[in-house]
Amino acid sequence: VLVFGLEEFRPEMFTVERLCAAVQSEGGAAVLAHPVREPRFRRPWSEVRDLFHALEALNGGDNGGAADLVFSIARSLSMPATGGSDAHSSAALGRCATRFRGPITDERTLVDALRSGNFEAVDLAGGR
């Protein structure tokens, strides 16, 4: 889970429901990172929309099949999709990104853009 806009971590945030409730109450944004990679999101996909603002569809550490599946899930839930490098290795660095449709000047504008869906996932390696 990628979280933006929280002031501090609290121990009760160890469950996804409590974490996402804190994100909502503080006006933050939550993205479900690599949702089909193990360990997967082990709840019905219908619950995703109530918990998260977006799904990470493009990820430098995933293969094309994973991206296609996540884009399909995002479309079926009418949710936006992000991209990220997930740079656990140098090969993954800079492969994918999120293109915002307006300037991101600070954390607040990032959170607002994520909450509004004003972005798209891009594959900088040329696949999408």
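Summary of values
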quantity	calculated
Subset tally (residues that are aromatic (Phe, Trp, Tyr) and farther than 18 Å from residue 29 by Cα) for the range 39-85	2
Residue ranges of helices (runs of 4 or more DSSP H) in the range 1-96 with at least 1 members touching a residue at least 60 places away in the same chain (Cβ under 8 Å), over 17 Å from residue 113 (Cβ atoms) and open to solvent by less than 80 Å² (accessible area, probe 1.4 Å)	64-76
Residue that is nearest to residue 81 (Cα to Cα), among those in the range 105-127 that are open to solvent by 70 Å² or more (accessible area, probe 1.4 Å) and aliphatic (A, V, I, L, M)	124
Residues located in the range 4-19, provided they are touching a helix residue (DSSP H, G or I) at 6+ places or on another chain (Cβ under 6 Å) and modelled with pLDDT under 95	12, 13, 18, 19
Some residue of the range 49-71 being over 15 Å from the mean Cα position of the chain (by Cα) and under 25 Å from residue 17 (Cα atoms)	no
Residue in the range 101-118 that is in contact with a strand residue (DSSP E or B) (Cβ under 6 Å, 6 or more places away or on another chain), under 25 Å from residue 9 (Cβ atoms) and either acidic (Asp, Glu) or part of a loop (DSSP other than H, G, I, E, B) (or both) present	no
Some residue of the range 42-50 being modelled with pLDDT under 95 and touching a Gly at 6+ places or on another chain (Cβ under 9 Å)	no
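The values are calculated or read from the model by the stated rules, or taken from the named source; none is laboratory data. Quantities reported herein were computed from a predicted structural model and do not represent experimental measurements. All Cβ positions, even for glycine, are placed from backbone atoms using ideal geometry, and neighbour counts span all protein chains on display. The area values use the complete protein model at the heavy-atom level, side chains included, leaving out ligands, DNA and RNA. Shrake-Rupley method; radii C 1.70, N 1.55, O 1.52, S 1.80 Å.
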